1. Hey, can you rank 317-327, 406-416 by average C-beta count inside 10 Å, highest first?
2. What angle, in degrees between 0 and 90 and rounded to the nearest 10, separates the Cα long axis of helix 403-413 from the longest principal axis of the Cα atoms of the chain?
3. Under 18 Å from the Cα of Lys163, which lysines turn up, not counting those fewer than eight places away in the same chain?
4. Among Gly88, Gly63, Gly240, which one shows the highest mean-square fluctuation when the chain is modelled as a Gaussian network with alpha-carbon springs under 10 Å?
5. Whole angstrom only: what separates the Cα centroid of region 5-74 from the Cα centroid of region 205-281?
6. With a 10 Å cut-off between alpha carbons and a GNM built on the chain, which of Trp338, Trp185, Trp121 moves the most?
7. Would you please classify the overall shape of region 1-117 from the alpha carbon gyration tensor, given that a ≥ b ≥ c denote the square roots of the eigenvalues, rounded means a/c under 1.5, and beyond that prolate means a/b larger than b/c while oblate covers the rest?
8. For region 273-286, in order, what is each residue's ³J(HN,Hα) by Karplus, 6.51 cos²θ - 1.76 cosθ + 1.60 with θ = phi - 60°, in whole Hz (x at glycine and Pro)?
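Every read-out reported here was derived from the displayed coordinates using simple, explicitly stated rules and does not represent laboratory data. Because the structure is predicted, anything quoted here is derived from the model rather than measured. In this analysis, Cβ positions are derived from the backbone assuming ideal geometry, glycine residues included, and neighbour counts consider all displayed protein chains.
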Amino acid sequence: MQEPIRQSYEAAKELYAQHGIDVDQVLRELEKLKISVHCWQGDDVRGFLFQDQALTGGISVTGNYPGAARTPNELRSDLEKAFSLIPGKHKVNLHAIYADTEEKPELDELEPRHFQRWVDWARERGLGLDFNPTCFSHEMSKDGLTLSHPDPAVRRFWIDHCKASRRIGAYFGEQLGQTCVTNVWVPDGYKDTPADRMAPRKRLKASLDEVFAEKLDPSHHLDAVESKLFGLGSEAYTVGSHEFYMGYAIQNHKMICLDAGHFHPTEVISNKLSSLALYTSGILLHVSRPMRWDSDHVVVMDDELLDIGRELVRSRLLDTTHIGLDFFDASINRVAAWVIGTRNTIKALLRAMLEPVEALKKAELDGDFTTRLALTEEFKSYPFGAVWDYYCDKSGVPVRENWLAEVKTYEQNVLLKRGSRASIVN
């Protein structure tokens with residue numbers, strides 16, 4: 001432990017202790033939290049099953065920064081580098097297209113064995129795995145529709161894929177001893193106003209009923225469903241709207257996935273957490289940073305991220321909320337993007353845990369809004385950074401921006417030596 005860091009930490013502890021905040025206990029609690037780091041930042045959502053397939057589903061990745069992962073081993077190497085710079089033990093969130101296999105299975109034919117190398121890798125490093133069916137960038141995502149498509153054969157393909165994905169997720173949980181969350185998102189929608197809004201939603205509901213019919217051990221596997229406001233090609237109408245999935249999840253005891261970019265630009269997910277928590281057994285978060293639309297920018301410590309952290313802490317939702325990341329930026333170093341976004345998410349949770357929550361609640365209950373505002377504002381300048389530096393140093397990861405030098409070295413020694421994806425495929 002560097003002496004200046006320890007001294008700053010001890011001084012910060014004394015300040016927080018004046019408000020009854022046990023900083024040592026806060027760090028013990030913070031260490032238990034797991035962020036599910038999304039694999040698709042590392043290769044621009046391309047995956048390894050259909051590498052020549054164009055990106056569809058209303059998704060777009062911009063930029064051409066060198067060094068995108070081209071193989072599962074390269075992606076795992078990049079993730080390892082990122083995790084070495086992030087305090088705590090976390091999880092990796094996989095999409096189905098990231099299968100690591102010499103076979104050429106179709107999406108509806110995927111089995112746990114196609115992900116065994118991921119499981120072995122995660123077990124060796126004490127990581128958990130989450131999962132997602134990939135209902136986009138495929139020839140069967142016809143007309144922008146999957147589980148709600150009017151053609152029964154198309155629906156059958158995607159139903160079987162989602163059923164296979166749930167079994168894979170359950171295998172992850174069983175093998176790793178960490179519950180896997182499998183999240184179902186489909187891009188279904190129309191570019192222009194539909195004549196019939198009801199029929200696609202009836203088809204989607206029926207498809208989901210079949211997908212979730214198989215009972216799986218909740219200690220190994222949990223289901224979530226994710227809404228979206230719109231996407232490229234589905235600007236006018238999204239079948240799986242927030243209201244659709246809110247009703248479906250509550251009625252069928254599934255988790256609701258809230259993505260920070262999947263709502264109207266004036267909406268924030270922090271304000272939805274306490275309401276949904278009253279009616280659901282758990283919530284899945286996809287922490288992102290929308291800019292103008294669901295552009296999935298790298299997470300920064302802005303007001304909404306801080307409010308998400310505060311809401312989770314103040315409403316005591318950390319035990320029932322699964323926190324994941326969802327952004328992809330090909331204009332900057334992809335490993336750095338993981339590190340920045342994950343460290344910021346943990347920082348936001350730490351800041352929330354270092355606030356005088358009970359004092360704020362008491363002042364509010366007593367009608368003393370002056371004290372509530374004064375404490376809220378003064379704590380914004382309390383030395384949480386000294387606590388963060390100590391936590392990083394104690395966890396064996398670089399303090400402050402020192403991690404950037406390691407990423408730059410990795411870029412020179414590894415990323416810049418990679419050729420194009422085509423050099424691997426061909």
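1. 317-327, 406-416
2. 40 degrees
3. In chain and number order, the partners are Lys205, Lys215, Lys254.
4. Taking springs between Cα atoms under 10 Å, the residue moving most is Gly63.
5. 23 Å
6. Its mean-square fluctuation being the largest, the pick is Trp121.
7. It is prolate, given that a/c is not under 1.5 and a/b is the larger ratio.
8. Once rounded to whole Hz, the list reads 4, 5, 5, 5, 5, 5, 10, 10, 7, x, 10, 10, 9, 10.
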